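A.B. asks: Okay, handing you the structure first.
The values are calculated or read from the model by the stated rules, or taken from the named source; none is laboratory data. Quantities reported herein were computed from a predicted structural model and do not represent experimental measurements. Note that we place each Cβ from the backbone using ideal geometry, even for glycine, and neighbour counts take in every protein chain shown. Quick note on the areas: whole protein, heavy atoms, side chains included, nothing else; ligands and nucleic acids left out. Shrake-Rupley method; radii C 1.70, N 1.55, O 1.52, S 1.80 Å.
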Amino acid sequence: MHQRHRPAWAPDEVDIERPSVARMYDYFLGGSHNFACDRELAEQAMKVFPDAPHVVRANRSFLSRAVTALCELGIDQFLDLGSGIPTVGNVHEIVTAARPGSRTVYVDSDPVAVAHASALLSGTPSVSVLHADLRDPDAVLRDAVRAGGLDLSRPVGVLLVSVLPFVPDRDDPAGIVAAYREGTTAGSYLLVSHGTNDYQPTVVGEIEHVYERTTQPGVFRSRDEVARILAGYELLDPGLVDLIHWRPEPGALETDPLDADVARYSLIGGVGRRV
Ligand SMILES: C[S@@+](CC[C@H](N)C(=O)[O-])C[C@H]1O[C@@H](n2cnc3c(N)ncnc32)[C@H](O)[C@@H]1O
């Protein structure tokens, strides 16, 4: 069988014929750490959902606003679960600018995301990269302390940004979130974004169908389902909302590339405080 070109940076264990959500996401963001199979499936997804590149940018913009808000609330250590392939505006860059001396631990299960992050950040002492599955909170929290240097006796910012869609109901996302909540101290925060099926159920059903061909099929959820997953956190203003309405930069909605149409984004999120 014809074997496609394997880039020199691709870790040996990676199947370059099987699309991954991390590399498709990188492609939507305009990155270069993706294979032909990722680009082909991402293009198929864009036939169903042409706004995908704008949606992923809105997701990154929310991440930046929300992480900055947590820094302003005094958080100086971050656990980024499902952190993805490094791109512009990474968490450690945001927190280092907002609160010098902060720590960031990146966690991802995708070998390309981990290899690229490790290569890029090996000389940055305030950052650690863990190759782990976030569905095992005990192991992740243990390694975040031992290898990542997090101090769990102090508040932590935990990020689950566009990653819970890849945790199916049978893996108990609410239970996983609860374990991270219980493993962190009062005054910690959880930052979440999630694709929603509230606005365009047929279209998102077709996207889910496309993603069945990846290594990690995903699901969209209703706002109520996401709210149930976040139970036990006290939501900061403005609550669990359409992402573009979470503390937008002045003028951002007026110049929004999708005319601030929340249905075209189909993306919600919020920040919760552990009490
Ligand atoms: C859509 S990307 C989001 C990346 C980043 N959080 C962002 O919002 O820019 C989802 C990421 O979650 C990772 N992921 C999915 N399931 C995971 C799991 N069970 N454990 C760790 N990482 C996971 C994927 O490999 C991918 O890098």
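A.B. asks: In a Debye calculation with equal point scatterers on the alpha-carbon sites of the range 23-166 and no solvent, what is log10 I(q)/I(0) at q = 0.18, 0.21 Å⁻¹?
C.D. replies: -1.06, -1.37
A.B. asks: If you don't mind, there's one more thing I want to ask. Averaged per residue, what accessible area in Å² does the range 57-274 show with a 1.4 Å probe, protein chains only? Working shown, then result.
C.D. replies: Numbers: 9100 Å² over 218 residues.
With all protein chains present, the range 57-274 gives 42 Å² per residue.
A.B. asks: Sort 23-32, 174-183 by packing, meaning the average of other beta carbons within 10 Å per residue, with the highest value first.
C.D. replies: 23-32, 174-183
A.B. asks: For the charge dipole of the chain, defined by +1 on Lys and Arg C-beta atoms and -1 on Asp and Glu C-beta atoms about the Cα centroid, which residue among 68, 257, 161 has the Cα displaced farthest towards the positive pole?
C.D. replies: 68
A.B. asks: Round to a whole number: what % of the accessible area of the chain belongs to carbon and sulfur, probe 1.4 Å? Before the final figure, lay out each step's value.
C.D. replies: On the way: 6230 of 12130 Å².
Result for the chain: 51 percent of the exposed heavy-atom area is carbon or sulfur.
A.B. asks: Out of every Cα-Cα pair in the chain, what percent are more than 31 Å apart?
C.D. replies: Values: 8188 of 37675 pairs.
Tail of the P(r) past 31 Å holds 22 percent of the pairs.
A.B. asks: Take the Cα pairs of the range 217-262, get the Kirkwood Rh, then feed it into Stokes-Einstein at 20 °C and 1.002 mPa s and tell me D in µm²/s.
C.D. replies: Answer from the Stokes-Einstein relation: 171 µm²/s.
A.B. asks: How far apart, in nanometres, would the label points at residue 18 and residue 172 be if each is projected 7 angstrom from Cα along the Cα-to-Cβ direction?
C.D. replies: In this crude spin-label approximation the distance works out to 2.6 nm.
A.B. asks: Would you grab the residues whose amide H sits under 5 Å from the one on residue 267? Only those 5+ places off in sequence or on another chain, please, with H modelled 1.01 Å from N.
C.D. replies: 196, 243
A.B. asks: Return the sequence-ordered ³J(HN,Hα) values of the range 236-242 in whole Hz as given by the Karplus equation 6.51 cos²θ - 1.76 cosθ + 1.60 applied to θ = phi - 60°, using x for Gly and Pro.
C.D. replies: 6, 4, x, x, 8, 9, 4
A.B. asks: Follow-up question, since we're still on this one. Per DSSP H run of n ≥ 4, the term is -39500 (n - 2.57); total these for the chain, divide by its residue number, and report the mean residue ellipticity at 222 nm rounded to 500 deg cm²/dmol. Don't skip to the answer; put the middle values down first.
C.D. replies: Numbers: 10 runs with 104 residues, N = 275.
It lands at -11000 deg cm²/dmol.
A.B. asks: Charges at C-beta only: +1 for Lys and Arg, -1 for Asp and Glu. How large is the resulting dipole of the chain about its Cα centre, in Debye rounded to 20? If you can, show how the numbers build up before the last one.
C.D. replies: Details: 25 positive and 38 negative charges, 102 e Å.
Once rounded to the nearest 20, the dipole reads 500 debye.
A.B. asks: Another question, then. Among 187-193, 121-127, what's the highest-first ranking by average C-beta atoms within 10 angstrom per residue?
C.D. replies: Working: 187-193: 23.4, 121-127: 14.1.
Per-residue Cβ counts within 10 Å, averaged per peptide and sorted highest first, yield 187-193, 121-127.
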